[in-house]
Amino acid sequence: MSNKRSNSFRQAILQGNRRLSSKALLEEKGLSLSQRLIRHVAYETLPREIDRKWYYDSYTCCPPPWFMITVTLLEVAFFLYNGVSLGQFVLQVTHPRYLKNSLVYHPQLRAQAWRYLTYIFMHAGIEHLGLNVVLQLLVGVPLEMVHGATRIGLVYVAGVVAGSLAVSVADMTAPVVGSSGGVYALVSAHLANIVMNWSGMKCQFKLLRMAVALICMSMEFGRAVWLRFHPSAYPPCPHPSFVAHLGGVAVGITLGVVVLRNYEQRLQDQSLWWIFVAMYTVFVLFAIFWNIFAYTLLDLKLPPPP
């Protein structure tokens with residue numbers, strides 16, 4: 001994979017527009033709380049010392065990491081609204097009116113294209129929302145601080161769409177709720193980036209942090225698998241699918257890794273970027289045609305509309 005940097009990055013280094021200290025950032029003393037936070041984020045997400053110094057010197061918190069914070073607040077707001085309207089906060093998905101919400105992806109209503117994205121604002125319950133919010137804030141906000149809202153938003157939304165489309169192909173009779181597709185795309189991309197750059201990553205307790213992230217993901221995924229095969233509260237429609245998690249992971253270790261691999265390198269300069277974009281486009285087109293024709297050709301019996 002190419003290690004080229006953008007022209008502006010290379011020129012700034014070559015022309016001496018900034019002074020790179022000969023000592024590592026970790027050795028610098030007398031930093032303020034905000035400076036220590038920025039340094040911590042740099043070591044959490046970037047594998048090269050030159051990138052960490054460049055980020056530390058140039059970061060201004062303008063704009064702030066608004067994308068992940070906004071998405072999280074919207075998810076919490078929708079959950080609270082549904083909790084009040086349904087009178088239920090734990091395992092909301094078992095409520096008979098839950099699937100009537102126009103944001104949920106339902107196989108009978110797959111022609112309503114917005115549902116492939118808006119399902120992220122509906123969660124199965126507070127336990128589902130809690131794990132997703134913790135993961136996307138702990139991982140997504142630092143990543144957005146470094147890579148920007150455009151790149152992180154791209155990975156997140158690609159994971160969300162891939163998740164619902166994967167369900168429509170692999171688990172055709174099940175609905176989908178939750179932001180796990182986007183969350184798993186970000187977390188899997190971050191973990192894969194750490195593994196690929198293990199020697200260069202200087203974050204503290206990286207092995208422990210990876211283990212905690214994997215445990216949290218496994219717990220959330222296990223909950224989703226259990227719920228999918230648990231007897232439905234509104235037969236014949238099953239509980240929401242867990243396949244969206246796998247779609248998010250697939251996006252994370254392909255598109256996500258390329259996006260996070262090289263700091264300050266333009267995506268259009270990376271050959272792997274175009275390969276994975278082409279693969280993602282082919283999958284989306286395949287899923288669209290599958291949704292148009294496969295249900296009829298397979299004569300699949302779908303649950304009734306909510």
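The values are calculated or read from the model by the stated rules, or taken from the named source; none is laboratory data. Being a predicted model, the structure only gives us computed values, none of them experimental. We place every Cβ from the backbone using ideal geometry, glycine too, and count neighbours over all the protein chains shown. The accessibility values were calculated without ligands, DNA or RNA, using every heavy atom of the protein model including side chains. Shrake-Rupley method; radii C 1.70, N 1.55, O 1.52, S 1.80 Å.
Run down C203, C216 and say which single residue is touching a residue at least 40 places away in the same chain (Cβ under 8 Å) and open to solvent by 30 Å² or more (accessible area, probe 1.4 Å).
Only one candidate qualifies: C216.
For segment 224-243, does any single residue satisfy the condition of being polar (S, T, N, Q) and farther than 30 Å from L91 by Cα?
Among the residues of segment 224-243, not one is polar (S, T, N, Q) and farther than 30 Å from L91 by Cα, which makes the answer no.
Per-residue answers, yes or no, for (1) of a type outside the set (S, T, Y); (2) open to solvent by 50 Å² or more (accessible area, probe 1.4 Å); (3) under 19 Å from M201 (Cα atoms); (4) at pLDDT below 85:
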{"residue": "L26", "(1), (2), (3), (4)": "yes, yes, yes, yes"}
{"residue": "R39", "(1), (2), (3), (4)": "yes, no, yes, no"}
{"residue": "A42", "(1), (2), (3), (4)": "yes, no, yes, no"}
{"residue": "L73", "(1), (2), (3), (4)": "yes, yes, no, no"}
{"residue": "F79", "(1), (2), (3), (4)": "yes, no, no, no"}
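In segment 182-200, which residues are surrounded by 22 or more Cβ atoms within 10 Å (Cβ to Cβ) and either without any contact (Cβ under 8 Å) to a residue 12 or more places away in the chain or touching a His at 6+ places or on another chain (Cβ under 7 Å) (or both)?
Correct list: Y184 only.
Please determine, by comparing only the residues of segment 286-297 that are more than 17 Å from P236 (Cβ to Cβ) and not β-branched (V, I, T), which one is surrounded by the fewest Cβ atoms within 10 Å (Cβ to Cβ).
Once the filter is applied, the top-ranked residue is L297.
Filter segment 224-238 down to residues that are under 17 Å from G163 (Cα atoms) and out of contact with any Pro (no Cβ under 8 Å at 6 or more places or on another chain), then give me how many there are.
Within segment 224-238, residues that are under 17 Å from G163 (Cα atoms) and out of contact with any Pro (no Cβ under 8 Å at 6 or more places or on another chain) number 1.
In segment 226-259, how many residues are of a type in the set (A, V, I, L, M) and touching a Lys or Arg at 6+ places or on another chain (Cβ under 8 Å)?
Counting residues in segment 226-259 that are of a type in the set (A, V, I, L, M) and touching a Lys or Arg at 6+ places or on another chain (Cβ under 8 Å) gives 1.
Check whether at least one residue in segment 231-253 is assigned to a helix (DSSP H, G or I), farther than 21 Å from Y119 by Cβ and either of a type in the set (A, V, I, L, M, F, W, C) or in contact with a Phe, Trp or Tyr (Cβ under 8 Å, 6 or more places away or on another chain) (or both), and report yes or no.
Yes, some residue in segment 231-253 is assigned to a helix (DSSP H, G or I), farther than 21 Å from Y119 by Cβ and either of a type in the set (A, V, I, L, M, F, W, C) or in contact with a Phe, Trp or Tyr (Cβ under 8 Å, 6 or more places away or on another chain) (or both).
Looking only at segment 86-96, count every residue that is assigned to a loop (DSSP other than H, G, I, E, B) and either under 28 Å from the mean Cα position of the chain (by Cα) or surrounded by 14 or more Cβ atoms within 10 Å (Cβ to Cβ) (or both) and tell me the total.
Summing the residues that are assigned to a loop (DSSP other than H, G, I, E, B) and either under 28 Å from the mean Cα position of the chain (by Cα) or surrounded by 14 or more Cβ atoms within 10 Å (Cβ to Cβ) (or both) in segment 86-96 gives 5.
Listed here are the residues, each with its yes/no results for (1) under 15 Å from V71 (Cβ atoms); (2) in a helix (DSSP H, G or I); (3) at pLDDT 90 or above.
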| site | (1), (2), (3) |
| --- | --- |
| A124 | no, no, yes |
| L129 | yes, yes, yes |
| H147 | no, yes, yes |
| L154 | yes, yes, yes |
| G159 | yes, yes, yes |
| A162 | no, yes, yes |
| G178 | yes, no, yes |
| Y184 | yes, yes, yes |
| L227 | no, yes, yes |
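Quick one: V157 ticks every box in (1) surrounded by fewer than 20 Cβ atoms within 10 Å (Cβ to Cβ); (2) farther than 28 Å from C237 by Cβ except a single one, so which number is it?
For V157, the failing item is (2).
When you look at V282, is it modelled with pLDDT of 95 or more and within 15 Å of G181 (Cα to Cα), yes or no?
Criteria not met by V282.
Out of curiosity, is P235 in contact with a Cys (Cβ under 6 Å, 6 or more places away or on another chain), of a type outside the set (S, T, N, Q) and under 28 Å from G125 (Cα atoms)?
Taking the combined requirement at face value, the residue does not satisfy it.
Restricting attention to segment 112-144, which residues are in contact (Cβ under 8 Å) with a residue 40 or more places away in the chain, surrounded by fewer than 22 Cβ atoms within 10 Å (Cβ to Cβ), aliphatic (A, V, I, L, M) and more than 22 Å from G222 (Cα to Cα)?
Result: L117, V141.
So P47 ticks every box in (1) closer than 27 Å to G181 by Cα; (2) not in a loop (DSSP other than H, G, I, E, B) but one. Which box is left unticked?
(2)
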